[in-house]
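In what follows, a single structure is set out as structure tokens and then discussed.
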Amino acid sequence: MAESQLAPERRTLRRFDGDFAWDGVETLVYKEEGEAPFSKITRQLLHSDSGLDCELRFFDIEAGGHSTLERHQHVHAVMILHGEGECLVGDEVYQISPHDLVTVPAMEWHQFKANAGAGLGFLCMVNRERDRPQLPSESELVQLRKYAQVASFLDS
Ligand code: MN
């Protein structure tokens, strides 16, 4: 396990620096290069403690960037902290802004995109032990594209 993947040391208070970084929290690559498609996104592991079965992460997407289109058994609880964007959950597309809450149910396709002129930053709570994300096959993409707003989201 790379050092950058280690859970942060236990510390009672980590000060916010005013720009979506926290004292002693490292900014990590979102995923390993080549593992899945994504663009202009970083990850910070804010909480990971053996006493909790979840982790709290912060994802920061630059203007025009996006997370991976994926699905998995584990669920996500997301709160938008800054910026503007859109997310796909299942076959619906939602405009998202600060303090909106998004729940991603098990096995629903999902993807987060920052608007062209703004970044998008969000907290994401997730199980500590989780299954590996699945990527859509060509036929699953064809299915998703049957919904006009999904097709337009995927092309944006
Ligand atoms: Mn996911």
Kindly list the residues of the range 131-156 that lie in the label zone of Glu92, defined by a backbone N under 18 Å from the point 7 Å along the Cα-to-C-beta vector.
144-154
Cα centre as origin, Lys/Arg/Asp/Glu Cβ charges: the chain dipole, Debye:
140
What lysines does Lys146 reach when the alpha-carbon gap must be under 26 Å and sequence neighbours fewer than 8 apart in one chain are set aside?
Lys113
Note on the range 10-86: alpha-carbon gyration tensor, axes a ≥ b ≥ c; rule is a/c under 1.5 for rounded, else prolate if a/b larger than b/c, else oblate; result oblate
Mind checking which aspartates and glutamates have their C-alpha under 17 Å from Lys31, skipping anything on the same chain fewer than 8 residues away?
Glu3, Glu55, Asp60, Glu62, Glu70, Glu129, Asp131
Ordered by fewest other Cβ atoms within 10 Å, a rough proxy for footprinting exposure, Met125, Met107 read Met107, Met125
Cβ-based exposure ranking for Arg10, Arg71, in which fewest neighbours within 10 Å come first:
Arg10, Arg71
Taking 0.36 nm per residue of sequence separation and subtracting the Cα-Cα distance, how much length would be gained by fully extending the chain between Asp53 and Asp23, in nm to one decimal?
8.5 nm
Put a dot 7 Å past each Cα toward the Cβ at Glu129 and Ala116; how far apart are the dots in nm?
4.6
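Rule-based calculations on the coordinates, nothing more; no lab input. Computed from a prediction, not measured in an experiment: that's the story for all the values here. Glycine also receives a Cβ, built like all others from the backbone with ideal geometry; neighbour counts cover every protein chain displayed.
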